[in-house]
1. Please indicate, with yes or no, whether at least one residue in the stretch 190-207 is within 16 Å of the chain's Cα centre (by Cα), part of a helix (DSSP H, G or I) and surrounded by 14 or more Cβ atoms within 10 Å (Cβ to Cβ).
2. Within 17 Å of residue 56 (Cβ to Cβ), among the polar types (S, T, N, Q) and surrounded by fewer than 19 Cβ atoms within 10 Å (Cβ to Cβ), is that true of residue 127?
3. Give me the pairs, please: first residue somewhere in the stretch 45-66 and at positive phi, second residue anywhere and surrounded by 13 or more Cβ atoms within 10 Å (Cβ to Cβ) and acidic (Asp, Glu), beta-carbon distance under 9 Å, and either six or more positions apart or on two chains.
4. With the condition being touching a residue at least 60 places away in the same chain (Cβ under 8 Å) and within 12 Å of the chain's Cα centre (by Cα), I'd like the strands (runs of 3 or more DSSP E) fully within the stretch 71-169 carrying at least 2 qualifying residues.
5. Starting from the stretch 174-192, keep only residues that are farther than 30 Å from residue 224 by Cα, then list their pairs with residues that are exposed (fewer than 13 other Cβ atoms within 10 Å of the Cβ) and among the aliphatic types (A, V, I, L, M) whose Cβ atoms are within a distance under 9 Å, requiring at least 6 positions of separation or different chains.
6. Could you check how many residues of the stretch 40-58 are among the charged types (D, E, K, R) and within 26 Å of the chain's Cα centre (by Cα)?
7. Give me the pairs: first residue in the stretch 23-44 and over 12 Å from residue 56 (Cβ atoms), second residue surrounded by 12 or more Cβ atoms within 10 Å (Cβ to Cβ) and among the acidic types (Asp, Glu), beta-carbon distance under 7 Å, and six or more apart or on different chains, which are they?
Amino acid sequence: MFTGPLTESLLKKAQEKKLLKINVHDIRSFTTDKHKAVDDRPFGGGPGMVFKPEPVYRALKSVGAAKSRKLAEWPKDKTKPFAIYLSPQGKTLNQDVAKRLSAYKHLVLLCGHYEGVDERVLGWVNQEISIGDYVLTGGELPALVLVDTVSRFVSGVVKEEESVQRDSFSDGLLDYPHYTRPNEFMGFKVPDVLLSGDHKKVEEWRKKIAMEKTLEKRPDLLKNKAKLHK
């Protein structure tokens, strides 16, 4: 599940340039029984299986995590491993969270599966993070989403860093519309202001349209922005 996305496009180039280093670890390799079992039935009954704490603990410990059960949610020391459990119960991943995570040198991503992990495992992670209010088969896809969005904030990964600064959500608004050649296609024309050469007017138009699009499509973002400025 990881090989394709991690060996294509910007993530591939970033690793080749040694801007990023991404390692994938199989939790089964940290088991001690002959069947390499990582899961077991839940106490109290119920459907599904639960990740056992022992192999997860060993896996986290092998990469420098799981050293303390009193971990800070946002550690001040950004050089030590920062452990994240991908979970629908976690803090919602957004642009601000991604930017904050990019300041840490070593992120450790724990992907749940089955019915999740033994609750005791949560004592060894700094943060639970969710990519949305829905349930997936496992934490692999959320981990890939997190890797991609956090990597964009690493200097050099995106060639034009200004494009990262102007991404949707970076200033609490959706992105403005983009156009390229031809000037007219099937009766639809590029807005005249973008062809005017007047950079001040272009910037004003982009801010105005970004605000209008946000108000139309995601008014909740404007409410959140207003709260931040209070």
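1. Here is the first cut: in the stretch 190-207, the residues within 16 Å of the chain's Cα centre (by Cα) are none.
Within the stretch 190-207 (the criterion being within 16 Å of the chain's Cα centre (by Cα), part of a helix (DSSP H, G or I) and surrounded by 14 or more Cβ atoms within 10 Å (Cβ to Cβ)), the answer is no, since none of the residues qualifies.
2. Details: within 17 Å of residue 56 (Cβ to Cβ): yes; among the polar types (S, T, N, Q): yes; surrounded by fewer than 19 Cβ atoms within 10 Å (Cβ to Cβ): no.
So residue 127 fails the test.
3. 46/115; 48/39; 48/115
4. Working: elements: 82-92, 107-111, 127-130.
Fully inside the stretch 71-169 and qualifying: 82-92.
5. The qualifying pairs are 183/195.
6. Initially, the stretch 40-58 is screened for residues among the charged types (D, E, K, R), giving 40-41, 52, 54, 58.
Imposing the further condition that a residue be within 26 Å of the chain's Cα centre (by Cα) reduces the set to 52, 58.
Counting residues in the stretch 40-58 that are among the charged types (D, E, K, R) and within 26 Å of the chain's Cα centre (by Cα) gives 2.
7. Matching pairs, first to second residue: 42/115.
Okay, residues lined up against (1) hydroxyl-bearing (Ser, Thr, Tyr); (2) out of contact with any Gly (no Cβ under 8 Å at 6 or more places or on another chain); (3) farther than 24 Å from residue 99 by Cα; (4) at pLDDT below 95:
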site: 115; (1), (2), (3), (4): no, no, yes, yes
site: 134; (1), (2), (3), (4): yes, yes, no, yes
site: 147; (1), (2), (3), (4): no, yes, no, no
site: 160; (1), (2), (3), (4): no, yes, no, yes
site: 193; (1), (2), (3), (4): no, yes, yes, no
site: 202; (1), (2), (3), (4): no, yes, yes, no
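The values are calculated or read from the model by the stated rules, or taken from the named source; none is laboratory data. Being a predicted model, the structure only gives us computed values, none of them experimental. We place every Cβ from the backbone using ideal geometry, glycine too, and count neighbours over all the protein chains shown.
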